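Throughout, read-outs are computed from the coordinates displayed, never taken from laboratory work. Computed from a prediction, not measured in an experiment: that's the story for all the values here. Positions of Cβ are backbone-derived with ideal geometry, glycine not excepted, and every protein chain shown enters the neighbour counts.
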Amino acid sequence: MKLSHDPSSPEFQARRAQARKALDAIDPAMTGDRASESKRQQWFEAVYSRAENDPACVPWANLRAHPLTAAFVKSQLRGIAGLRVLDVGCGLGDNAECFAAAGAKVTAFDFVADAVAWAKRRFAESKVDYQTADLFALPQEWQGQFDLIHECYTLQAMSPARVPQALAIFRDLLASDGRVLIVARARDEEEEISGPPWPLPPSIFDVAKEQGLEPVMIEDVAATANVGRRHWRVLMRRVG
């Protein structure tokens, strides 16, 4: 029987639930070993290697751009063309392709080589420059080169202690008039979380300012059928 690749189908969702259960069982962040960044990285690599080309087995792969990202691109359509865009943690490539379809010059990266190879297979004729790279060890020549950095679900997937460093890296990647677009789950400041993921609290904006980024747009998006849970959609620029 041919497997459905329609994320809305019950059969796809059943495969995803089964895969999620198996992945949670080996996730160091779920089993108490939260201090090990290397083990967490190995877990992300295992997600893609165990998937065996079945997107249902990659919990965040919905085979389309995130609705909040797609809506932003549509609203800014005339301003996207020609921009140098960096897509952080590109996964299977849908967000990167959304920007490219609007005329942006897109570089997209993920630290999992299997994810990048999968994205290249899916979009064999793409103009996106897909690369395997680690956010915390990016090529020096990328510094100051991007008009827009897009981050969707990457910050919330890392331990909160690493988020300030990630924001500082975003700042250094921006061109002088560049912006950072963040799409992430949101939570109240005092709301208890276990993670992963770790939804971002309002204090993230103060943390960003400490790292040289200031919000120019903050949207607190309520849960809907389209996005499922409460989200932030935030646009930031370099301080000064």
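Some notes on this structure:
- For the chain, the relative contact order comes to 14 percent (Cα pairs under 8 Å, sequence separation of at least 6).
- Burial ordering of 194, 4, fewest other beta-carbon atoms within 10 Å first: 194, 4
- Choice from 128, 73, 227 with maximal GNM fluctuation in the chain (Cα, 10 Å cutoff): 227
- In segment 67-238, taking the dipole from charged Cβ atoms about the Cα centre, the farthest positive-side position among 116, 153, 170 is held by 116.
- By the beta-carbon count within 10 Å of each Cβ, the least crowded to most crowded order of 150, 66, fewest first, is 66, 150.
- Order of 44, 136 - criterion: other Cβ atoms within 10 Å of each residue's Cβ, fewest first: 136, 44
- Classified by the C-alpha gyration tensor, segment 10-57 has an oblate form. Its axis ratio a/c, with a ≥ b ≥ c, is 1.5 or above, and a/b does not exceed b/c.
- The chain, helix-only ellipticity at 222 nm - DSSP H runs n ≥ 4, -39,500 (n - 2.57), divided by all residues, nearest 500: -9500 deg cm²/dmol
- Cα gyration tensor, the chain - rounded (a/c under 1.5), prolate or oblate: rounded
- When the Gaussian network model of the chain links Cα atoms closer than 10 Å, the mean-square fluctuations of 179, 78, 187 top out at 78.
- Overall form of segment 1-103 per C-alpha gyration tensor (a/c, 1.5; a/b vs b/c): oblate
- Top of 215, 67, 197 by mean-square fluctuation, Gaussian network on the chain, Cα under 10 Å: 67
- Of all DSSP bridge pairs formed entirely within segment 67-238, close to 45 percent run antiparallel.
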